[in-house]
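Peer 1: The structure is given below, and queries will be raised subsequently.
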Amino acid sequence: MVLIIGGGIVGLTTAYNIALQSDCKITIIEQGYVGSGASTRNAGHFRVHFWAPENIRFAVESSKRLMQFTSKNGLDPEIHYGGYLWLLFAEEQVKAYNESNNESWTKMGVPGKFLQPKEVSEEYPYLNVEGVIAGFQGPQNGKLNPNIITLGYYKKCKEMGVKFLTYTKAEKLVLENGKVTGVQTNRGFIEAKKVLVAAGAWSGELFKTANIDLPLEPERKEIGVTEPIKYFLDPFVISMKNNAYVGQMLRGEVIGSIEYPIVKGLVPLTNTLDWCHAYAKAVSEMIPLTKHLMFLRSWAGYYAITPDHSHILGREPAWPENLHVATGFSGHGLMMAPLAGELMAKNILNDEVDELMKPFLPTRFKEGTLLHETMKIG
């Protein structure tokens, strides 16, 4: 049996792909309800523009699989290519985006477009361009409904015989003779031939029970939506002045956040007035017409952050046999999950390490071959 710890989008896509490729028994255990973590507590957008070529390639391939979602799952995830728009405030920012556009994005088939401040105002008259020296458009990026994506994979897994144990917390990885033999949970021991830890921000704590130090640090993130208004905001706008971001869902809610305050660790998932004040100030400066919008609700979730802001897939040879990991997406889990699940299924079933997966092996931290990724939004 394959036991997957974590009922989020990564665990679901992996289980789905394992079920497609084999008839082995699969069980997913989840400490809450399916999708109760970051899979449904996010801004609902996807992109292909990253700094590291390895992440660009991964995101491009994963987005292709997102586009196939409806044909395979029969649900409409409300995918809309509104694009991303980065507002740049310094010459070094323009230089960095120009270099990536010429050296990476264009060569990989996802070129962007630079706009002068006047062009930004003409195309997006609701934006305040004071201090902006350029805008960068990424038209290949867009928005989707994360709840439908998660639901679609969950329904398919159920149809294919995947067993779900919700409100079942994994407490300890159980080892015997250099192999993982199962997991001790709050509801008893579960035996398994292979174990995948896809528990997001909680993955590091679980690996500690096997005396493995996984380079992973949770960060609490806060986000909120306003009352719905007439649709006007097509791109997802990111201000490089303060790393605030804002978009609008297709039903009219304005959604966004700002990287403040930075709170590390598995702290309580609460919202703060500090965040609310900083975000409201930033978004009202960016888009003045939002100044008098009412907050509908706000919530918090975790990013699972790695030292190079890139995910960890696979296993290390020195680990106990049959132990695998898929975590550390650093805020990019929803968009990377369709490909990550496909590659992890091959890795778990056949020990296959796809070329797209190699850069993300956990061995990179000891080998010093970290990815050069700093484009983490939020």
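What follows draws every value from the coordinates through simple rules; no lab data is involved. All of these numbers come straight from a predicted model, not from anything done at the bench. Note that each Cβ is placed from the backbone with ideal geometry, even for glycine, and that neighbours are counted across all protein chains shown.
Peer 1: Looking only at Cα atoms, what is the convex hull volume of the chain per residue, in Å³? It would help to have the intermediate numbers written out before the result.
Peer 2: On the way: hull volume 48.8 nm³, N = 378.
In the chain, the Cα hull volume divided by residue count equals 129 Å³.
Peer 1: I would also like to ask the following. If I take all pairs of Cα atoms in the range 1-122, what percentage of them are more than 20 Å from each other? Walk me through the intermediate numbers first.
Peer 2: Values: 4440 of 7381 pairs.
Result: 60 percent of Cα pairs exceed 20 Å.
Peer 1: Ok, one more. Between SER284 and VAL353, how high is the FRET efficiency from 1/(1 + (r/R0)^6) when r is the Cβ-Cβ distance and R₀ = 35 Å? Nearest 0.05.
Peer 2: On the way: r = 48 Å, r/R0 = 1.37.
The value I calculate is 0.15.
Peer 1: Further question: Students often check this: by mean Cβ neighbours within 10 Å, which of 340-347, 35-42 ranks highest, and how do the rest follow?
Peer 2: 340-347, 35-42
Peer 1: Apply the a/c threshold of 1.5 to the C-alpha gyration tensor of the range 308-378 and tell me whether it is rounded, prolate or oblate.
Peer 2: Details: a/c = 2.06, a/b = 1.32, b/c = 1.56.
Oblate is the answer for the range 308-378, as a/c is 1.5 or above yet b/c matches or exceeds a/b.
Peer 1: A further question follows. Packing-wise, with mean Cβ within 10 Å as the measure, how do 53-65, 121-133 rank, highest first?
Peer 2: Working: 53-65: 19.9, 121-133: 15.2.
Going from most to least packed, we get 53-65, 121-133.
Peer 1: Taking the chain as the reference, fit the longest principal axis to its C-alpha atoms, fit the long axis of helix 273-286 to the helix C-alpha atoms, and give the angle between the two in degrees, 0 to 90, nearest 10.
Peer 2: The angle comes out near 50 degrees.
Peer 1: Let me ask something else about it. Nearest 5 percent is fine: what portion of the DSSP beta bridges confined to the chain is antiparallel?
Peer 2: The antiparallel proportion sits near 70 percent.
Peer 1: To continue, here is another question. Angle, helix 333-350 long axis vs. longest principal axis of the chain, Cα atoms, 0 to 90°, nearest 10?
Peer 2: Approximately 20 degrees, to the nearest ten.
Peer 1: Same structure again: Near LYS241, which lysines are there with a Cα under 17 Å away, not counting those fewer than 8 places off in the same chain?
Peer 2: Reachable lysines: LYS95, LYS281, LYS376.
Peer 1: Using mean Cβ contacts within 10 Å as the protection proxy, how do 311-324, 103-116 order, highest first?
Peer 2: Numbers: 311-324: 19.1, 103-116: 15.9.
Packing proxy ranking, top to bottom: 311-324, 103-116.
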